[in-house]
1. One residue is enough: does the range 72-84 have a residue meeting the conditions in a helix (DSSP H, G or I), under 16 Å from Val145 (Cα atoms) and touching a Ser or Thr at 6+ places or on another chain (Cβ under 9 Å)?
2. What pairs can you find where one residue is in the range 1-14 and over 12 Å from Arg181 (Cα atoms) and not assigned by TED's automatic domain parsing to the domain that holds Leu212, the other is basic (Lys, Arg) and modelled with pLDDT of 95 or more, and their Cβ atoms are less than 6 Å apart, with a gap of 6+ or different chains?
3. Considering each residue of the range 9-39, count those that are out of contact with any Pro (no Cβ under 7 Å at 6 or more places or on another chain) and either assigned to a helix (DSSP H, G or I) or modelled with pLDDT under 95 (or both), and give that number.
4. Any idea which residue in the range 130-151 is nearest to Lys174 (Cα to Cα), counting only those that are among the small types (Gly, Ala, Ser) and surrounded by fewer than 19 Cβ atoms within 10 Å (Cβ to Cβ)?
5. Given (1) hydrophobic (A, V, I, L, M, F, W, C); (2) closer than 25 Å to Thr150 by Cβ; (3) touching a residue at least 12 places away in the same chain (Cβ under 8 Å), where does Ala287 come up short, assuming only one miss?
6. Quick test for you: out of Ala197, Ala161, Ala126, pick the one residue that is closer than 16 Å to Leu242 by Cβ and among the small types (Gly, Ala, Ser).
7. Is at least one residue of the range 121-134 of a type outside the set (Ser, Thr, Tyr), under 19 Å from Val64 (Cα atoms) and modelled with pLDDT of 95 or more?
8. Determine the pairs where a residue that is not assigned by TED's automatic domain parsing to the domain that holds Pro314, located within the range 195-224, has a partner that is assigned to a loop (DSSP other than H, G, I, E, B) and polar (S, T, N, Q) with Cβ atoms under 6 Å apart, the partner being 6 or more residues away or on another chain.
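The values are calculated or read from the model by the stated rules, or taken from the named source; none is laboratory data. Predicted model only: the values in this text are computed from it and were never measured. Reconstructed Cβ throughout: ideal geometry from the backbone, glycine too, with neighbour counts over all protein chains shown.
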Amino acid sequence: MPQLNLIEAVRSAMADAMAEDARVFVLGEDVGLKGGVFLATDGLLARFGPDRVVDMPIAEAGIVGMAIGASLHGLRPVAEIQFADYIHPAIDQILNEAARLRYRSNGDWHCPIVVRAPFGAGVHGALYHSQSTEALFTSTPGLKVVVPSTPYDAKGLLIAAIRDPDPVIVFEHKQLYRGVRGDVPEGTYTVPLGQAAVRRAGAQISLFTYGLMAHYSLEAAKVVADEGIDVEVIDLRTLYPLDQATILGSVRKTGKALIVHEDKLTGGVGGEISALIAEHAFEALDAPVRRLASPDVHAVAFSDVLEAHFMLNPQKIATAVRELAAY
């Protein structure tokens, strides 16, 4: 089984899906000749040609709008938004059109599009290349939101998203593109959407997270384990819809919950998980639900010092775990 980094796994998913199904094509800014700003589509133009690897103008609403139209004619588009920071012009197309198409047509039409976008800070991207925008999409029925943290999941979740009959947003953390490696099977396989993964079993605290923070949380769990604190780390993988059964089952076992995400605190997915636990597992709690997230500031600074202050890290997570364990 080959070892791939996350960007190679994403590329492998698209190549295998395109080879398997002639309806699948990719479109976006610089996805053809350049192979994508992060080289996610590198080599696809030479293999599949310009009809299936389509360079688009800098017009995100047009990219997603074209993907929606193509899906209505039986195709399976995979649209790349160059950075999650630039997805905002396409929000109307995603939320008002793609997500509601099945409902507005009484089930006669569906919109099998995938929108990929790199997200996250810690890469000195500053104001317009560092945002976590997932919370903008995690409250819209008809839409699925996916965040892989491993190369295996990146490929399996993306292929599952391509095969899904409804729109799926896939956010990929930029630090993980070449920062993690893992076994990735050749050929197509899927990781089910809507299912979390227990990355580390534990008995004292349930830690819910995703993306880059899944790796930081595992590092923190290893540190506090030497201090006698047993943390269960749950990688959500799908942010909408949440895997409620896994979340509640873990909290009922441990009695304490910590939610960690890079997105800002207010309005982040952590608030929804907190409400879910409070509503359905309150009697199991031995402490208030704790959220650890990035500060509510306007943007990520270019300054190394300020960016480090904004970012979570294993040390900050370990401190939050110790405080919750001591409650």
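1. yes
2. If the second residue must be basic (Lys, Arg) and modelled with pLDDT of 95 or more, the pairs left are Ser12/Lys155; Ala13/Lys155.
3. Filtering the range 9-39 for residues out of contact with any Pro (no Cβ under 7 Å at 6 or more places or on another chain) gives 10-24, 26, 28-31, 33-37, 39.
Imposing the further condition that a residue be either assigned to a helix (DSSP H, G or I) or modelled with pLDDT under 95 (or both) reduces the set to 10-20.
Qualifying residue count, the range 9-39: 11.
4. Step one: filter the range 130-151 for residues among the small types (Gly, Ala, Ser), giving 130, 132, 135, 139, 142, 149.
Applying the additional criterion that residues be surrounded by fewer than 19 Cβ atoms within 10 Å (Cβ to Cβ) yields 139, 142.
Details: Ser139: 24, Gly142: 26 Å.
Filtering first and then ranking leaves Ser139.
5. (2)
6. So the residue among Ala197, Ala161, Ala126 that is closer than 16 Å to Leu242 by Cβ and among the small types (Gly, Ala, Ser) is Ala197.
7. Checked the range 121-134: at least one residue is of a type outside the set (Ser, Thr, Tyr), under 19 Å from Val64 (Cα atoms) and modelled with pLDDT of 95 or more.
8. The qualifying pairs do not exist here.
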